[in-house]
Structures are given as C-alpha cells and as structure tokens.
Amino acid sequence: MVGGVARGIAEHLGVDVWWVRGAFVLLGFIGGSGFLAYAILWALVPIDTHAQQEKGSIAATVDGRGAETSLLLVLGATGVVVGALLLASMAGLSVRGVLPLGIAGLGAALIWLRADEGQRDRLRSGVSRVTPGRRAGVLQFALRVVLILVGLISFGVGGVGLEQAGTLLAAVVVVVVGIALVASPFALRLWRERDAERRARIRSEERAEVAAQVHDSVLQSLTLIQRNAADPAEVARIARAQERDLRRWLYPAPSLPSSSFRAALEEVAAEVEDTYGVRVEVVCVGDAVLNEPLTAMLQATREAVSNAGRHSGVYTVSVYAEMTSAEVMVHVRDRGAGFSLDDVPDDRMGVRESILGRIERYGGRASVTTEPGAGTRVELVMGTR
Amino acid sequence: MMNAVTNPPSVVLVDDHRMFRTGVRTELGDQVRILGEAEDVDSAVAVILATQPEVVPLDVHLPGGNGPEVIRKVGEGAPDTRFLALSVSDAAEDVIATIRAEARGYVTKSISGAELADAVRQVAAGDAVFSPRLAGFALDAFAGSVEVGEIDEELDRLTPRERDVMRLIARGYTYREAASELFLSIKTIETHVSSVLRKLQLSNRNELARWASDRRLT
C-alpha cells in the first residue's frame, strides 16, 4: 500500500500479499523493526518497471539479487533496529520514545529516497499512465507525510515527559543512529549508480576489443578468401583456420595445462587442418598427462590424421580420444578411399613404423583397419601407468 | 509413423541468418516440406503455432531470446512438433539448455545437407539425434562416480551398452554403422540413444551443469 514492497516480496515468494503485510505489521509491533525493515527494503529493492506499467502502481520486486539477499536485508534491518532500541533503553530512553522517531524517519526516508524515481517514472510514462495510478501516487505521498507528522508529534509529546539527565545524550545517539540508517541506503544507491557506470565503461572497452579482433583476423581472412576465390581448397583452409581462431577467442577453453594430452591433440588436429585443408573433428572424453609414451602416441596420431588428410580424398576426419585413469584410446577415422595394407611398400615408413611401431615400442596396441573404398580406421591404445 | 516414411517431414526453419536458411532450403530440396521460416523468437512461435510442423531445426541463438525460449513458448500449442537444436559455435551450456528444454537432438551447422535431412527424418520418426560432440559430452558428463544418495541412480549413469553406443557415435559412426559394429538392430541403437537423451534432459547430476559451463561444445 505504502511503497509496494510487500507486494513485491509476495510476488517474489509466491504467497498472498496479506501474509507479507501481516509480517511487517507484526514486526512493527516488535519495537518498530518492521517499519524500518520496510523502509530499508524500499530503498534497496529496485522498482520493477513491468509490474509498474501493468498495475499502474509502484510495485517493487526483488530482482536477480535473489531471495537470500532480501531475507538478509530484513534480518539486517531488524538487527539494526533492535540494536538501536537496546542502546536507547540502556541510555534510559523508553521504547515509547524511540518508536515515534522511527516512524518519522521512515516517512522522511520514503519521501527523500523515492520521490526522484516517482517523478522520473511519471515523466517517462507520459500520457499512457492511467488515472488510478496517479491517484495511487498521491495517496502514497499523503501516507508518507502522515507518517512523518505522526512520528514527530508523538515524539514531541513524549519528549515532555523525559527529564532525566541522560536523556539528551540518548536522544543524540538515537538521532545519529537514525541519520545513519536513513543515509546508508542513499549511500548504497550512489554506490550502485557508480557500479552501473563502471559496467558501462567495461562494455565499451569490450566493444573496442571486439572491433580489434574483427579487424585483425576476420576482415583479413575475408580479404584473403576473395583473393583466392578461384581456389576452393585454399578458401576452405583459410575459412577453417579463421573459424578455429575465432572460436578460441569467443569460447576460450578452460586453460588446459601444457601437459594436457587433450590440448596437444587439438593442436595436432589444427596443424593437420592447416596443412591439408581438411576438417578434423576432435571429440575428447576425459584428459591425461602427457608423458613419454603418450607423446609417442600423439606422434602416431598425427601420422594417422595426416595420412587421412593426404590420401583419403574426403573433407572430414574424425578423431575420438577417451582417457581414463588406466589407459588412453585414440581412434582416427575417415570415410575416404582406404587402401590395402599389403600394397604398402616396405620402404614406406608411414603406417608400419610411424604408427604401429611407435605404439608397440611403448607397450601399447595399435590396429589399422582399411580396405580400398571402405575408409580407414586407426585405433591406438596406451596404458598410462 | 507411416506419414514420416512415405511423405517428406514438414519443417519450419528457424534461424536469424537468411543466408543460412536459404542454404538449408536448397540443400534439403524436396527431402522435406518447408512450411515456413522464422528469424526470431516471436516470429518462430507464431509460425510454428500456425503451421504445426513435424520438425523444427532450431538455431540455439536467436534475437529476442534463445532456442529454449521458443520451445517453452510453443509449449502445448504444437504437441506434435519436435525440435532439433542446430548450432554453429555455441558454448556447451546453451546446447545443453536446449536439450534440457526437450529438443530431440543436436547437430552442428557444418553437417551436410544429406546428413541434416537424415537428422530431420530421424527426429520426425521420434528418434534422438546425437552429433559426435554431443555423444562425447554425454560420456564425459556421466563419467566418474556418482555420490551415494545423489538423486535418481538410474538417471545418473549410463548403462554399459549406452556407453558403447555413445562411443561409436562420438567416433563419427552412423546408427547403421554402430548397429553392425555392435551386432544390434538399428532400432535398438535408437532406443539406447533416446534413453541417453532422456538422461541428459532429466538427470539432476551437478556435474552436468558444471561440465557444461567449463567446456565448450561445438
């Protein structure tokens, strides 16, 4: 009713608004903490403009900060109020004396902290703002003024009865605490605005970085592609290299250590792509630390992928690596020309030495399955201990 | 089912790049019936509700929201429409979000027209479609031990057979090739893949979310 805080919280929590209002009123009886909690929530919780437009009244909702934050705020506010009350009663001031001050503070806080936004809102919504909304605004303002008056008057009336020596000191303490309470949400809001400015600055810096990246790599590649338009293989190679580069920039891999088998394998795939103008699709499951046997395995993989890139005659080579704590398995496959193992002359080092020999020397297993016209599959397995 | 076999499946293309839509339209040719196209969330929802296509190849990133948004907004409005996530270079969490919004599969935009037509047919027939990367993702996400008492056990791990199937798909095998390799029928392979899809959609494993956020899936 007063500020829409109760409705906002009710919407956020998905309960009936009267429960929340009831809770505030109940808290209000406990030393006035409900009122102050309400005031602080009001100042801190951003206004939900959607709800505002739909309902024509200011409904505050708890945004992305989440329910925990709002709960914390309520608890914090309650704590501060209870603390202030304790302090006041220790100083000899009755709770009755503080409560009116609290009410007056609430009213003042509401007017000072929200008036600007309410005005801005009225300007923004212009003609489309419906009359009931305006009436609600006036009603809210009146309520706030009444709050202040009630608070001040009752404090003044109560003040006559307080004539002890410590009263003055206690009153000063209360006023200071009150000012701090009223001012702190304001300071918080200033801080929030500064935060928004900083974010805007970061955004513009990011934009400059994007522009630089686009200029340095993407535009260069596009120029190269136009110049090589007559050579499809070269165009594909440039495009793929650029794609890889852009991907790495847009979706940086979780920084894998240099000893990562996975990272090294992706490196190998990129090299082969650049050299033979093919696409090497790498799928990895798990990861392993690159040791001597695995380095040999990596070289064998490079040989197998290169062979596929060079001889298969197809554009795509699939590489699958599965790494468990016990072993590393690499599978290289193309659907290309294939070949007959018996036809490979003995002096050709490729398959026999570079792939099979390398793996077997370290106690791993390697197999090459191929037939003319049926593609080629190379499977490498190496224990990791 | 008979319809899907005898008639080409009906399709609405959703992608914010006209060039890509035109390319897909040309490549798919008469293998599908294209009922309409859309380029953002709102137009996609409107076209899908109006034409009730069998399959929607759905770009994961769209202006005015993302793929999952389209699926959610269409909701019960097109009960027979199935979605196939299509992505060029997206982070894993986006693809997984689309899968978890009930898309029936995921393929990269780099696949050939023939492969895309196959994928659309499979989705139209009610099967799941996994790219090698998605299969690798499933294997990785469901690897390792599940903490005891952590949610539904059956949903949180793959059976050995499902693992075998995923391994072959991750290697770039088609369902047919996987079937002959494992001496299973294609229908059985499809059942296993659908089951893994269901687990990706429903499992509450914490690792699933964490995995997706710190790896890229393309």
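The values are calculated or read from the model by the stated rules, or taken from the named source; none is laboratory data. Source: prediction; values computed, not measured. A quick note on method: Cβ atoms are made from the backbone with ideal geometry, for glycine too, and the neighbour counts reach across all protein chains shown.
Data table
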read-out: Test for A:Thr316: is it under 44 Å from the mean Cα position of the chain (by Cα) and more than 14 Å from chain B (Cβ to nearest Cβ); value: no
read-out: Options A:Gln164, A:Gln213, A:Gln226; residue that is within 30 Å of A:Thr316 (Cα to Cα), modelled with pLDDT under 85 and either surrounded by 13 or more Cβ atoms within 10 Å (Cβ to Cβ) or more than 14 Å from chain B (Cβ to nearest Cβ) (or both); value: A:Gln213
read-out: Filter result (within 14 Å of A:Ser318 (Cα to Cα) and not aliphatic (A, V, I, L, M)) within the stretch A:268-298; value: A:Glu273, A:Arg279, A:Glu281, A:Cys284
read-out: Among the candidates A:Arg227, A:Arg262, residue that is assigned by TED's automatic domain parsing to the domain that holds A:Asp287 and of a type in the set (D, E, K, R); value: A:Arg262
read-out: Those residues of the stretch B:84-125 which are away from chain A (no Cβ under 14 Å), in a loop (DSSP other than H, G, I, E, B) and either buried (at least 24 other Cβ atoms within 10 Å of the Cβ) or within 11 Å of the chain's Cα centre (by Cα) (or both), in sequence order; value: B:Ala101, B:Glu102, B:Ala103, B:Arg104
read-out: Flag if A:Arg240 is under 33 Å from the mean Cα position of the chain (by Cα), of a type outside the set (Val, Ile, Thr), buried (at least 18 other Cβ atoms within 10 Å of the Cβ) and closer than 30 Å to B:Leu139 by Cβ; value: yes
read-out: Matching residues, the stretch A:276-313, being more than 38 Å from the chain's Cα centre (by Cα), modelled with pLDDT under 85 and surrounded by fewer than 20 Cβ atoms within 10 Å (Cβ to Cβ); value: A:Arg310, A:His311, A:Gly313
read-out: Test: residue in the stretch A:256-270 that is in a helix (DSSP H, G or I), more than 30 Å from B:Arg163 (Cα to Cα) and of a type in the set (Asp, Glu); value: no
read-out: Among the candidates A:Val283, A:Val330, A:Val272, residue that is within 14 Å of chain B (Cβ to nearest Cβ) and under 23 Å from A:Ala236 (Cβ atoms); value: A:Val283
read-out: Filtered residues of the stretch B:126-139 (kept if within 14 Å of another protein chain (Cβ to nearest Cβ) and under 10 Å from B:Gly105 (Cβ atoms)); value: B:Phe130, B:Ser131, B:Leu134
